Structure formats: C-alpha cells, structure tokens
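The structure under discussion appears below in the form of structure tokens.
The values are calculated or read from the model by the stated rules, or taken from the named source; none is laboratory data. Keep in mind it's a predicted model, so treat the numbers as computed, not measured. Glycine gets a Cβ as well: all are built from the backbone with ideal geometry, and neighbour counts include every protein chain shown. The area values use the complete protein model at the heavy-atom level, side chains included, leaving out ligands, DNA and RNA. Shrake-Rupley method; radii C 1.70, N 1.55, O 1.52, S 1.80 Å.
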Amino acid sequence: MHNFCQTMSQTQAPRTGVPIMILKEGSQRTTGVDARRSNIQAAKVIAEILATSLGPRGMDKMLIDAFGDVTITGDGATILKEMEVQHPAAKLLIEVAKAQDAEVGDGTTTVVVLAGKLLELGEELLEEGIHPTIVIDGYKKAADYALKVAEEIAKPVELTKEQLLKVVSNALSSKVVAETRDYLANIVVEAALQAVETRDGKPYLDLDWIKIEKKKGKSIYETQLVRGIVLDKEVVHPGMPKRITNAKIAILDAPLEIEKPEWTTKISVTSPDQIKAFLDQEAEILKSYVDHLASIGANVVITQKGIDEVAQHFLAKKGIMAVRRVKRSDIEKLARATGAKIITSIKDARPEDLGTAGLVEERKVGEEKMVFVEDIPNPRAVTILVRGGSDRILDEVERSLQDALHVARDLFREPKIVPGGGAFEIEVARRVREFARKLPGKEQLAALKFADALEHIPTILALTAGLDPVDAIAELRRRHDNGEITTGIDVYGGKIADMAALNVWDPLLVKKQVIKSAVEAAIMILRIDDIIAAGAPKKEEKKGKKEGEEGEEKSETKFD
Ligand SMILES: Nc1ncnc2c1ncn2[C@@H]1O[C@H](COP(=O)(O)OP(=O)(O)O)[C@@H](O)[C@H]1O
C-alpha cells in the first residue's frame, strides 16, 4: 500500500505524517509561474503561426489532414479549424477565434494575433514582478477606452450598393480571388441587397437566405448570382418536362410514395389477384395524390422526401416536373424565394400553398445537371453559383464569399466603418497611450502594453508589404499625431498611404469584436495559475466503463 501511495501524483502529508491522496493516479499539476508560462507559450505559438497570413498579402498555409487531404488557405478561421492542437490554452484561443467567426464572420486572424501579443507583453510585466490582477485591470481599462475611441473615429456608411461595394471588396482579400475581386464583390452586394429584410424597423440580413452552390467550371468569372434557388439535383423522371415557364410549385415535406411501416408486417395472399389488388390500391393512392396536386394547379413538385416510380409515372403523364430528396435547408429557401408554403399533407394542399417562379429548368452545368428555380420578381432568398477550375479554388472562393457576406451583414447591423490597413490600430493605440497616463502606476504600464499590442497589426501588415516595420510604425505614429487618422499601410503599393483614398475600410463591428474577444482571451489565460490535468484513463478503466461500469469502482480519494 505504501508503495502504491508514492506513485500517486499528488500526496499531501499532514502533521500526522499520513499522506492524503487528493488527485487521481497519473494526474499532473502545474502551478503559478510555470502554469502561466506554459499557457502563454502555447498561445504565442498559435498567434505566430497565424501572424504571417494576416492581410491580403499574407502567406498561405498548406494544411494536410489525417486522411492526406490538402487545404491551401490564408483564412485564419480555416487554418485554425484544420490544425489539430493539443495544448489546452491553444485550444482556448482557437475557441475564441471560432466565436469571433460566428459572431461577426471576420477578423479571426487579427483576434488571435492580438491575443497572442497581449499575452506576450503581459508576460513581460509579470516577469517584472507585477501581479496578474494588475495587468488584467490595466488591459480591461485600456480595452474599454479603445472601444470608445473606435466609436469616435468610425464613419457612418450609407447602405447603398456603391458604398457597400467599397467595403465588401476589401474583405475579398484571398489571393485566389484577388483578380476577380470586383466581379465577386458585385455579386455579394447584389445578393445581400436582395436578401435583406426589415426587422423592428431596421435592415436585417440573415445569411441563411443566401445559398452558395459550387460546381467545377472553367473560370471564377462564370460565378453568377441566381435570383432564386439552384438545386444540385436532376429532374426525377426522363418523361417529365425539363423546362416549365410560369411555374406553380408545390414544395413538399411529404413523400410521394407509400411509406413502409417501421415494424415487420406480413400479408398473406392466396391468389395472384390479391397481389394485383394490393398493388393497384397502392397505385390508386399515389394517383390520387398526383391528381390532387394537378388539380390545385401545380406544374412543378419539389419534395424533401422520395418519389415512388409509380408516382413519377403519373406525374410525368400530367406533364409535371418533379425533384426529390432535396435538403431541408434548400426546401426552406425555396419556400421563401417562391412564396410557397411547405406542404406536409398532400391531401390538404391548397392552391395558395403553391410558390411561383417565371422559370424552372434543368440545365447542364459543367458535367452535371442542376435545377434552376429562377426568374422570380423579388425573391427573398437567392443563390450564388460558384464556379472555378478545381475543388480547392471552389473552396477558397466560397470562404472568401462567406467573409464578404458577413461583412455585408455586419454593415447592415451597424452601418459604420473604420479605416483598415492598420490605420485604426495606430490611431487607437495613440489615444490609449494618452489615456494610460491617467491610470495609477502599474496599471498604466499594462495599458501601454495594450497599445503596443495593437500596433502589432500594422507591424505585420508592413512586413507583408515589404516595408521596414520600425520605420513604418514611426512614420505612421508621426502622421497620426498630425491628425491623419486614416493613414495606414498600403500593402499592395508597399508604402504608407491614406486608406480613405484607397478605400480600405473595415466594419466597426468587426474591429470592436476583435478588441473584446482578444482581451477576453488574454485575460482568461492570464488568470489561470494552476493546471490540473487528469491522467489518461487506464485500459481496464476504459473497458469497465464500456461494459456498463460493472464491478466495484476504484475510489478516487484515498486515505491511507
Ligand atoms: N488593401 C489593403 N491594404 C492594407 N490593408 C488591408 C487591405 N485589405 C485588407 N487589409 C487589412 O488586412 C487585415 C485583415 O486581414 P485578414 O487576413 O482578412 O485577417 P482577418 O482574418 O483578421 O480578417 C485588416 O486589418 C485590414 O484592414
């Protein structure tokens, strides 16, 4: 027993000299400085990996998953998603980036880079003997002030096509789409303006109503906005029409087949007539469904479920086009675009449940057939049909479009912009430094570090532009001191320039979220002073759990 106790990772010997086991065997505990150092180190590594891919001239990463599939991208969110990290602090940072992506859909790289820098600079203060609580307080105050400054320097933007285009095209920064940027930005803005609605008197863009469908083609320039829905499906029966104008569409969440019962059933038949009667009856039911759909005026049927061969035959005979097994999300988009009500009981379908479209047509796109539901006067759901030479290009174009769509959505939520290219960060850093002077002693040091961390963003942009970062930051600071708040780094021109003239803007919402998320992540990691990791479960333990945890369980806390 004594030997066993010594193998336990955590033993405490109270005054009686009897060791008490607190943690399970195999657990590891790291405390204080070591815990913090290990966490900060891990976060820094993640931030360093992402840093080189910041901005439109950042580098791409090649990511290879366990199955050997390759992704090449410079998109922060995707890099993080594909990386399989082990360290809990690194995981935490990735969670924050994911939250940023979910919340505003952009600024993922920036948030991780900023959080990493806040931790790196925070560590310097800790090493000078400043308590983490003070660093945390300093960061919090600086961040609150930075958010105020952000509001002050933001510029309102009109939600017109022209204005939206300026900001949206900036978000299409991936190298793959660089050449086609204006072309794609136009599609994104038109899609957004088509799908936007008014909620509580304010514009609201729900990106669920913009479908992205991908199909291999010759060039990205074949990408198009379809004012309606494109389904990656074929018309179900060769005898059906492939083109219907003035379509009246029945959208079903019901099968056009006789559903098999879930339990096994047995039917005893004694003569061939009985089999025939049975099948006839099935056909009769299906025919009555089709007849009813035809009687309410449907000439197109689109269902989430299946369509039996017999039903296909009846539909074809009536000249009705039909598509089956359409995804639930597409069914919803179709209903919204065509103004249809989703029919769950065919017998009860009414003419007013049908949707309308000027044209429903099966067309060949590349090598495959797709069904286009289009020519709708004012569809409230649309499709961007993405084309490109390879799957990798298609994926990267889709990611860029998603970023740009999110930027459009952010602008509808809060129609304000701030200058990009690091101009925003330099200006905020400048004002935070002024503010820091008013803070007490050591908190002031933390707030100053916060300003330094912000300047890390233009520093990286300068590097990617081939500029000397030290000179660039000095020059930017000088010009901002002179009141040029929109001066930043022109990464394409490789010089310092006015971002307003170049039209490099970011949504205020993204930048505010970057500050909030990065500081939150940094604080969360700085607060940890103890890491307690459970040992890997032993083989027998795993087995025991699988077998319904039979038998006596080992006590986790033992007193010897
Ligand atoms: N043409 C440009 N010139 C300078 N900076 C740019 C330009 N376009 C975008 N940026 C800057 O690049 C940064 C965004 O880079 P990106 O790689 O998209 O990262 P994130 O994932 O954080 O959005 C922003 O700071 C933005 O202002």
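Check the range 219-228 and report whether any residue there is touching a residue at least 60 places away in the same chain (Cβ under 8 Å) and of a type in the set (D, E, K, R).
Within the range 219-228 (the criterion being touching a residue at least 60 places away in the same chain (Cβ under 8 Å) and of a type in the set (D, E, K, R)), the answer is yes, since at least one residue qualifies.
What are the residues in the range 104-125 that are under 20 Å from Gly74 (Cα atoms) and not hydroxyl-bearing (Ser, Thr, Tyr), if any?
Across the range 104-125, the qualifying residues are Val104, Gly105, Asp106, Gly107, Val111, Val112, Val113, Leu114, Ala115, Gly116, Lys117.
Mind telling me which of the residues Glu455, Glu434, Glu443 ends up being open to solvent by 40 Å² or more (accessible area, probe 1.4 Å) and of a type in the set (Asp, Glu)?
Of Glu455, Glu434, Glu443, the one residue that is open to solvent by 40 Å² or more (accessible area, probe 1.4 Å) and of a type in the set (Asp, Glu) is Glu434.
Among the residues of the range 76-103, what is the count of those that are in a loop (DSSP other than H, G, I, E, B) and more than 16 Å from the ligand (Cβ to nearest atom)? Steps first, answer last, please.
Taking the range 76-103 first, the residues in a loop (DSSP other than H, G, I, E, B) are 83-87.
Narrowing the set further to residues that are more than 16 Å from the ligand (Cβ to nearest atom) leaves 84-87.
Within the range 76-103, residues that are in a loop (DSSP other than H, G, I, E, B) and more than 16 Å from the ligand (Cβ to nearest atom) number 4.
Does any residue of the range 96-107 turn out to be open to solvent by 10 Å² or more (accessible area, probe 1.4 Å) and either farther than 20 Å from Ala408 by Cα or outside the structural domain of Gly55 (by the TED database) (or both)?
Looking through the range 96-107, at least one residue is open to solvent by 10 Å² or more (accessible area, probe 1.4 Å) and either farther than 20 Å from Ala408 by Cα or outside the structural domain of Gly55 (by the TED database) (or both).
Return yes or no: is Asp560 of a type in the set (Asp, Glu) and either touching a Gly at 6+ places or on another chain (Cβ under 8 Å) or at pLDDT 95 or above (or both)?
No; evaluated as a whole, the condition is false for this residue.
So, Leu126, is that one in contact (Cβ under 8 Å) with a residue 60 or more places away in the chain and either surrounded by fewer than 16 Cβ atoms within 10 Å (Cβ to Cβ) or over 19 Å from the mean Cα position of the chain (by Cα) (or both) or not? I'd like the intermediate steps shown before the answer.
On the way: in contact (Cβ under 8 Å) with a residue 60 or more places away in the chain: yes; either surrounded by fewer than 16 Cβ atoms within 10 Å (Cβ to Cβ) or over 19 Å from the mean Cα position of the chain (by Cα) (or both): yes.
When the stated conditions are applied, Leu126 passes them.
So, in the range 376-418, exactly how many residues are among the hydroxyl-bearing types (Ser, Thr, Tyr), more than 30 Å from Glu151 (Cβ to Cβ) and either within 16 Å of the ligand (Cβ to nearest atom) or surrounded by fewer than 19 Cβ atoms within 10 Å (Cβ to Cβ) (or both)?
Summing the residues that are among the hydroxyl-bearing types (Ser, Thr, Tyr), more than 30 Å from Glu151 (Cβ to Cβ) and either within 16 Å of the ligand (Cβ to nearest atom) or surrounded by fewer than 19 Cβ atoms within 10 Å (Cβ to Cβ) (or both) in the range 376-418 gives 1.
Quick check, is Ala195 open to solvent by less than 10 Å² (accessible area, probe 1.4 Å) and closer than 23 Å to Lys305 by Cα?
So Ala195 fails the test.
Please tell me if Asp403 is farther than 17 Å from Pro255 by Cα, of a type in the set (Asp, Glu) and in contact with a strand residue (DSSP E or B) (Cβ under 9 Å, 6 or more places away or on another chain).
no
In this structure, does Val373 turn out to be modelled with pLDDT under 95, crowded, with 22+ Cβ neighbours inside 10 Å and either more than 16 Å from the ligand (Cβ to nearest atom) or under 24 Å from the mean Cα position of the chain (by Cα) (or both)?
Against the criterion (modelled with pLDDT under 95, crowded, with 22+ Cβ neighbours inside 10 Å and either more than 16 Å from the ligand (Cβ to nearest atom) or under 24 Å from the mean Cα position of the chain (by Cα) (or both)), Val373 does not qualify.
Looking at the range 232-271 only, could you name the residues that are exposed (fewer than 15 other Cβ atoms within 10 Å of the Cβ), in contact with a Phe, Trp or Tyr (Cβ under 8 Å, 6 or more places away or on another chain) and closer than 20 Å to Leu286 by Cβ?
Passing the criteria: only Ile267.
Could you give me the residue pairs with C-beta distances under 6 Å whose first residue belongs to the range 64-75 and is outside the structural domain of Val177 (by the TED database) and within 15 Å of the ligand (Cβ to nearest atom), whose second residue is open to solvent by 40 Å² or more (accessible area, probe 1.4 Å) and outside any loop (DSSP other than H, G, I, E, B) wherever it lies, and which are 6+ apart or on separate chains?
Final answer for the pair search is Ile72/Met62; Asp75/Arg399.
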